[in-house]
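Worksheet: the structure to be examined is printed underneath.
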Amino acid sequence: MTDFDVYPDGTVWLFHPANDGARAFAQERLELEPWQWLGRAFACDHNNAPALFNYLASCGFNMGVSHGCL
């Protein structure tokens, strides 16, 4: 079971917090702007996304990578 499902899609990656703990961490610890949230997922530029992915993994979150629609 993953904590964050990641959807890399060109220049925008979507990070979908898959449970309450991941969602709370994203809302409280990541400096996200309201416009970055797309439903339950948040968007990140592809230049910064790998660093964010590695940061979340280093914080102990299980990361999943998917190719396709949310």
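The values are calculated or read from the model by the stated rules, or taken from the named source; none is laboratory data. As the structure is a computational prediction, the values presented were derived from the model and not from experiment. A quick note on method: Cβ atoms are made from the backbone with ideal geometry, for glycine too, and the neighbour counts reach across all protein chains shown. Just the protein is used for accessible areas: all its heavy atoms, side chains included, with ligands, DNA and RNA removed. Shrake-Rupley method; radii C 1.70, N 1.55, O 1.52, S 1.80 Å.
Cβ-Cβ distances below 7 Å connect the following pairs, each with a first residue in region 20-46 that is farther than 13 Å from PHE4 by Cβ, a second residue that is open to solvent by 70 Å² or more (accessible area, probe 1.4 Å) and not in a helix (DSSP H, G or I), and a separation of six or more residues or different chains: ASP45/THR11; HIS46/THR11.
Residues in region 1-42 that are touching a Phe, Trp or Tyr at 6+ places or on another chain (Cβ under 9 Å), of a type in the set (Ser, Thr, Tyr) and more than 15 Å from GLY60 (Cβ to Cβ): TYR7 only. Would you say GLY64 is of a type in the set (Gly, Ala, Ser) and touching a residue at least 24 places away in the same chain (Cβ under 8 Å)? Yes, satisfied.
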